[in-house]
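The structure under discussion appears below in the form of structure tokens.
The values are calculated or read from the model by the stated rules, or taken from the named source; none is laboratory data. Values in this document were obtained by computation on a predicted structure and should not be read as measured data. Reconstructed Cβ throughout: ideal geometry from the backbone, glycine too, with neighbour counts over all protein chains shown. Remember, those area values only see protein heavy atoms, side chains included, never the ligands or the DNA or RNA. Shrake-Rupley method; radii C 1.70, N 1.55, O 1.52, S 1.80 Å.
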Amino acid sequence: MKFLVLNGPNINLVGMREPGIYGDVNYESMLAIVAKECAEMGIETEFYQSNHEGDLVDAIQNALGRFDGIVINPAAYTHTSIAILDALKAVALPAAEVHISDVTKREDFRQISYAGMACCCHVIGKGIAGYAIAAKQLKEFIEHKQ
């Protein structure tokens, strides 16, 4: 099984950005941890991060035929991007939404998740461990769907 792990704006700054919210593990270490945990579950991962909405849409579209599913942390685009929602719906790959922080306990504007509307799994507020949890849930969803 192969997943695209897609990260939106500012996720590349984890470890530096608001460590009280996002933790102190840097981005490269986070990717290594997620790759290792996924490999232990038999999941191959490819990572992509961009601060640009169109790049994320392109990555979702390019996932078609290459990946079994998408683990996505759209970051701030969660709450604003209908383009990412539409891309996820268009490729129709199973997708899991993940957020490092608990967005349900943050600002009012963070209470809507457009991308989440196209996702079968949602892992929110579990820190970087949420990526592996989301990958496990997505794998189980795909296996039970077959």
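Screening Gly125 against (1) surrounded by fewer than 17 Cβ atoms within 10 Å (Cβ to Cβ); (2) out of contact with any Ser or Thr (no Cβ under 7 Å at 6 or more places or on another chain); (3) of a type outside the set (Phe, Trp, Tyr) leaves a single unmet condition, (2). Scanning the stretch 61-114 for residues that are without any contact (Cβ under 8 Å) to a residue 12 or more places away in the chain, assigned to a loop (DSSP other than H, G, I, E, B) and surrounded by fewer than 13 Cβ atoms within 10 Å (Cβ to Cβ) returns Gly65, Ala92, Glu107.
Within the stretch 1-24, residues that are under 26 Å from Gly42 (Cβ atoms) and part of a helix (DSSP H, G or I) sit with their Cβ atoms under 9 Å from residues that are modelled with pLDDT under 70 and open to solvent by less than 70 Å² (accessible area, probe 1.4 Å), at 6+ positions apart or across chains, in these pairs: Ile11/Arg17; Ile11/Tyr22. If the condition is being open to solvent by less than 50 Å² (accessible area, probe 1.4 Å) and in a helix (DSSP H, G or I), then the stretch 31-43 contributes Leu31, Val34, Ala35, Cys38. Being within 17 Å of Phe3 (Cα to Cα) and of a type outside the set (Asp, Glu) is true for just one of Ile100, Ile112, Ile124, Ile128. Which residue is that? Answer to the selection: Ile128.
Would you be able to tell me the number of residues in the stretch 44-54 that are surrounded by 14 or more Cβ atoms within 10 Å (Cβ to Cβ) and assigned to a helix (DSSP H, G or I)?
1
Residues in the stretch 47-72 that are within 19 Å of Met1 (Cβ to Cβ), of a type outside the set (A, V, I, L, M, F, W, C) and touching a strand residue (DSSP E or B) at 6+ places or on another chain (Cβ under 7 Å): Tyr48, Asp68, Gly69.
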